[in-house]
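Chemist: Got a structure here, written out as structure tokens. Questions coming.
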Amino acid sequence: MGVAVSRLRKGLSVAEAIGIILVVDDSASHRTVISTEIQKLGYAVKNAESGAVALQIINNQEVDLVLLDVNMPGLDGFATLRQLRTIRKELPVIMLTARDDAEDVIQALRLGANDYAVKPITLDILGARIATHLKLNKAANEQLGQYLLLEKIGEGAMGMVFKAEHVDTGDIAAVKVLPRAVTIQEDAVKRFIQEAHLIEKINHPNVVRHFDVGKDGETHFLVMEYVEGETLEKLVAGMPMVPTLAIEIGKQICLGLENMFEQGVIHRDIKPQNILFSDSGEVKIADFGIARDVSNDNRLTQEGIGLGSLVYSSPEQISGKGDFRSDMYSLGCTLFELLAGQMPFPKDKPLEWMLERKFTKPPRITDVYPGLPKGVADFVAKLMDPNADKRFKDYHELLRVIEKMLENLNSPGKSLLEQWVAKIRGH
């Protein structure tokens, strides 16, 4: 209500105060039908007949949510979404299509869509989707289940994460809201709940704790440990890290991965963005959006969403296979980035180049960091070997090698992490 009142004071109409929806569709008849239905719900509507026009409107006018058609000439919905995210990262986007294609869903989510709906869609369902995403995008002081959402702290293909407070106990937690497109089918919801409970049993200092799963209306969410800190991606920000510190961080990640594997879980999306570094110097693995229960080969989310981030994915994972050694490969890519200050497979390179390097010619870290100690360079190369059998046979062997490296580097131990975080925090 506070947002609506403040917008009314700016001179906007009641409909604009409730929400401004941009409908993007190359079909004039489709735009008319959708716009008319949305206006019946009390929203203000803007229309765009192409992706280019939509981007111009988003760049220059106030818009609260976008309904974006996939199949359009010129800039299709995916290309439009990709450019849109460079302009407005937080703007809710619901993709609309006449095709119920799992690959379209996966691509839309990875490009940053918040939801996905197949046409024709009923007014009730469309209204519920719009209301949910507007509520989440303006989530301060909104309640979801037993949690008051305080502020958005993260967002990815598998949902938005909020800092939240339990309304009865006052406990602070992180609440991850799953995209409706992921949980639209009953089987997917059932599988998600079953395997979310599997993650709850993991209790390790280097893994973010998962406490509960919940549902509010059509919205499914996870309740997790709230970590006061930042991701490694933000803390490092492309600056090379001294070998001792990088390997100490790698050790903590390995300890978490080892515990997860002992519980029958592999992560499949290890990367700097998914590693949290607390203000007290703790390293924690986060984001289990595509983790897998290796005990029964089920998946936490919709079938087919298992690739992870291409830059960090192992060759066998790209091929639709892989085991715990894929997490080792992703750890190698992460350490490469921490040590070199750049990704091993830059995103601006052609896809064909990246795949060739991953499958046949892995990059050598000494090409960009020639002064790196040979033992550390060999260790990263072993982790990133295209052949999984040439990596480490288990985490026990991997951790033994890490301990030996740290001994050779004269590491002061975990206190180094505390010193580093205190330094970057300016304490």
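Values quoted throughout were computed directly from the atomic coordinates according to the rules given, and no laboratory measurement underlies them. None of the values given here were measured: they were computed from a predicted structure. Backbone-built Cβ (ideal geometry, glycine too); neighbour counts: all protein chains shown.
Chemist: Within 10 Å, count the other beta carbons around each residue, average over each peptide in 346-358, 107-119, and list them highest first.
Modeler: 107-119, 346-358
Chemist: How do 223-229, 385-391, 330-336 rank on mean C-beta neighbours within 10 Å, highest first?
Modeler: 330-336, 223-229, 385-391
Chemist: For Val207, which sequence-distant residues (separation of 5 or more, or a different chain) have an amide H within less than 5 Å of its own amide H, given hydrogens modelled in the peptide plane?
Modeler: The answer is Ile285.
Chemist: Quick check: Cα centre of region 387-426 to Cα centre of region 60-74, how many Å?
Modeler: The two parts, judged by their Cα centres, are 47 Å apart.
Chemist: Hey, another quick one. Just rank Tyr329, Tyr43, fewest to most, by other beta-carbon atoms within 10 angstrom.
Modeler: Ascending Cβ contact count within 10 Å gives the list Tyr43, Tyr329.
Chemist: What are the ³J(HN,Hα) couplings of region 375-391, residue after residue, when phi is run through the Karplus curve with 6.51, -1.76, 1.60 and θ = phi - 60°? Round to Hz, x for glycine and proline.
Modeler: Ordered by residue, 3J(HN,Hα) equals x, 6, 4, 5, 5, 5, 4, 5, 4, 9, 5, x, 8, 4, 5, 8, 7 Hz.
Chemist: Whole-Hz Karplus ³J(HN,Hα) for region 107-116, in order, using 6.51 cos²θ - 1.76 cosθ + 1.60 and θ = phi - 60°, x for Gly and Pro?
Modeler: 5, 4, 5, 5, 7, x, 5, 8, 7, 8
Chemist: Which ³J(HN,Hα) values, rounded to whole Hz and listed in residue order, are derived for region 220-233 from phi using the Karplus coefficients 6.51, -1.76 and 1.60 in 6.51 cos²θ - 1.76 cosθ + 1.60 with θ = phi - 60°, glycine and proline given as x?
Modeler: Values per residue, Gly and Pro as x: 9, 8, 10, 10, 10, 4, 8, 10, 7, x, 9, 7, 4, 4 Hz.
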